[in-house]
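A short worksheet on the structure shown next.
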Amino acid sequence: MIILKFGDMVIAVASLVIIIFIFFPLGLVLTAALGNVGFELGALVSAFLSTIIVGYIYAQKIWEENRIKTIAQIAILFTVLIMFMGIMESAATADWTPKIKEEYMKANPGATPSASDWYYIEKFFLTLQMFISVVLVLALSFIGLYIGSLLKKPAKS
């Protein structure tokens, strides 16, 4: 049974705050240089770097408890927060539908999906994007927290 402590939630939220401060400048630079790929790359790199930083800052707390279990709990909570951000982004962004239609028609020239088909195609595309994001963020946050906690050994008591 997973029991989250308030401190785990604070660490996950700290990761989310730090990711924003890292992603903004990194996203600007990489998007300008690489286009859409730079935006996605900036998001992944900033998620990884923020969890390394948070793992380093909260290393003492991570080392005091069962380290792997604590890191896993924080990584899962951080991933859930990122997932909610992704859901809000999908709901707030109205221009993803033409992009999905363009990509689908490029992959399937001559196809004539009905309105119902388009609904499921778009739903599938957004679900796939969310799945990929969740898997990547979960893996990167676990690895980042683990590396960050290793960089700062606990104080001897």
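The values are calculated or read from the model by the stated rules, or taken from the named source; none is laboratory data. This is a predicted model, so every value here is computed, not measured. Glycine gets a Cβ as well: all are built from the backbone with ideal geometry, and neighbour counts include every protein chain shown.
Total residues in the range 105-157 satisfying the condition of being free of Cβ contacts under 8 Å to residues at least 24 places away in the same chain and not in a helix (DSSP H, G or I): the figure is 9. When Ile11 is tested against (1) in contact (Cβ under 8 Å) with a residue 12 or more places away in the chain; (2) within 16 Å of Ser149 (Cβ to Cβ); (3) surrounded by fewer than 17 Cβ atoms within 10 Å (Cβ to Cβ); (4) of a type outside the set (Phe, Trp, Tyr), just one condition goes unmet, and that condition is (3). Kindly provide the set of residues from the range 84-104 that are of a type in the set (Gly, Ala, Ser), part of a helix (DSSP H, G or I) and exposed (fewer than 11 other Cβ atoms within 10 Å of the Cβ), ordered by number. Ala91, Ala92 - these are the residues of the range 84-104 that are of a type in the set (Gly, Ala, Ser), part of a helix (DSSP H, G or I) and exposed (fewer than 11 other Cβ atoms within 10 Å of the Cβ). Of the listed requirements (1) within 23 Å of Thr127 (Cα to Cα); (2) loosely packed, with under 13 Cβ neighbours inside 10 Å, Gln60 misses just one: (1).
Close Cβ contacts (under 6 Å, 6 or more residues apart or on different chains) running from residues in the range 48-60 that are at pLDDT below 90 to residues that are of a type in the set (Lys, Arg) comprise Tyr56/Lys152; Ala59/Lys152. Checking the stated criteria, Leu150 turns out not to satisfy the condition of being within 21 Å of the chain's Cα centre (by Cα) and either modelled with pLDDT of 85 or more or hydrophobic (A, V, I, L, M, F, W, C) (or both).
Entry remark, the range 112-130: residues being among the aliphatic types (A, V, I, L, M), farther than 13 Å from Lys99 by Cα and surrounded by 11 or more Cβ atoms within 10 Å (Cβ to Cβ) number 1 in total.
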